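Colleague: This is the structure I want to talk about, given as structure tokens.
Please treat every number below as a calculation from the coordinates, not as lab data. Note that this is a predicted model, so its numbers are computed, not measured. Note: ideal-geometry Cβ built from the backbone for every residue, glycine included; neighbour counts use all protein chains shown.
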Amino acid sequence: MGLRDRAFQRAFATTFVYNILFEDSEVDETYLGLDADSTVLSISGAGCGIAGMMSGRPRRVDAVDINRHHLALTALKCTAAQRMRVYDDFYDLMGRGWSHEPEQHIAALAQHMPPWVARYWKRHAKRFRKGSLYLQGLTARMLGVVRQQAGLGLDWARQVCAMDVDERVTTLHRTLGAIDTPVLRAFMSSPVQLMALGINFQQRDRLVATEQSASMTDYFVEHLTRVMSTDLWNNWFFWYAAAGTFNHTQQDALPPYLRQDRWEKSLNGPTDVRYRHGNLFDVLDEAGPGTWSHYTLCDAVDWMPPAVQRRLFEEIRRTARPGATVLLRSVETEDPVQAVGAEFLHKLPCSAEASLADRSRQYRQVNFYEVHA
Ligand SMILES: C[S@@+](CC[C@H](N)C(=O)[O-])C[C@H]1O[C@@H](n2cnc3c(N)ncnc32)[C@H](O)[C@@H]1O
């Protein structure tokens, strides 16, 4: 990893960047195949994916992240899904990101969270009073600036949903074209915005080269253009970006853990979730053979140079249960597993379907692998 990306990782680790996971956790739910015997090692990000696992009631989840803000948010999402007994209270807090009495709810959940997480949320409960949790954090603020400049919001989101795909794309380009100034371009390409997009310098250089985009602003617009051809009414990434909130009128438009049927399955669930603040490799180092049946890695593999990727896959091989499943996302064109010759990870055929289904439209690859010892 180059110097710039080391600095990027250090800055990223200490900043509240995301409040949602930018990965389609419905895809994970469909293909991961969790059951009562599953043990999962998972990079958390903002935790919508791990919170979604609670309804599958696996035996154990080890949630790890170098970013304590993301891990604390993951702990809150999981604990709320397992412990809040009134769906409307749960939905206000985690779906709307707003509550009349966040301190009271958080105090009730605190006893089920690690002490450092309970202290974190005691300090930050006011995030649920200031408009909404979903307007806070670096990415939400960046999108807020774009929305404000371009006049986006709930009405715009509804109008665009009702259009056909060509009309949507024309409207998107016209709306964003109107604010395409040198100042906005400079803002979008600054290192802070890379952090908001979760893209390190190495990824940025490769993305701009492979997409043949002139800049990060063009990449951003191209990405939103891809989103336009999805089922927008149910695409929570679209609503989050365009309106700063989810589409609260449809359960299918929510990350699965927020839906009432999933909450019913998660409530009082048996899953032992452990929150490990630190590097994935530290957690792997401490583990013995046969520890996990599932690994979910977000797109963190893209942040690693090839030698580190290879070491990660070897560590997975060493700690996996027979036939374990690995899920990773990548913005690259080449399969990262193949690229480093980790032939003991066999790509599963469902990867093609999963890559097409992911409504975030951020990844070229959403790959599932089976571990062969
Ligand atoms: C790779 S980032 C990228 C964005 C991601 N696709 C999302 O939607 O959140 C996701 C998460 O991985 C974490 N992360 C990256 N490398 C890590 C590592 N080696 N160990 C633990 N967490 C890591 C980051 O802190 C971040 O919360």
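Colleague: Using mean Cβ contacts within 10 Å as the protection proxy, how do 282-290, 59-67, 225-233, 76-84 order, highest first? Don't skip to the answer; put the middle values down first.
Modeller: On the way: 282-290: 13.1, 59-67: 22.0, 225-233: 16.7, 76-84: 24.2.
Ranked from most to least packed, the peptides come out as 76-84, 59-67, 225-233, 282-290.
Colleague: Still on this structure, please answer the following. Using per-residue counts of other Cβ atoms within 10 Å, averaged over each peptide, order 351-363, 156-168 from highest down.
Modeller: Values: 351-363: 18.0, 156-168: 14.9.
Descending mean neighbour count gives 351-363, 156-168.
Colleague: Next up: Please order Phe8, Phe281 by the number of other Cβ within 10 Å, starting at the fewest.
Modeller: If I rank by nearby Cβ atoms, fewest first, I get Phe281, Phe8.
Colleague: Can you compute the helix-only [θ] at 222 nm over the chain? Use -39500 (n - 2.57) per DSSP H run of at least 4 residues, normalise by all residues, nearest 500 deg cm²/dmol.
Modeller: Details: 20 runs with 182 residues, N = 373.
Here the helix-only value at 222 nm equals -14000 deg cm²/dmol.
Colleague: Additional query: How many nm separate the modelled label positions at Ala11 and Phe201, each set 7 Å beyond the Cα in the direction of the Cβ?
Modeller: 1.0 nm
Colleague: Quote to one decimal, in nm, the extra length available between Phe344 and Gln260 on full extension: 0.36 nm per residue of separation minus the C-alpha distance between them. Display every interim value, and only then the final one.
Modeller: On the way: separation 84, 0.36 × 84 = 30.24 nm, distance 3.92 nm.
Fully extending the segment from Phe344 to Gln260 adds 26.3 nm.
Colleague: Could you order the peptides 47-58, 190-201 from most to least packed, using the average number of other C-beta atoms within 10 Å per residue?
Modeller: 47-58, 190-201
Colleague: How high is the FRET efficiency between Arg311 and Glu103 when r is their beta carbon distance and R₀ equals 51 Å, given to the nearest 0.05? Write down the numbers at each step before the final one.
Modeller: Numbers: r = 44 Å, r/R0 = 0.86.
Working from the Cβ atoms, E equals 0.70.
Colleague: Who wins for biggest fluctuation among Ala243, Ala13, Ala186 in a Gaussian network model of the chain, springs between alpha carbons below 10 Å?
Modeller: Per the Cα network of the chain with a 10 Å cutoff, Ala186 tops the list.
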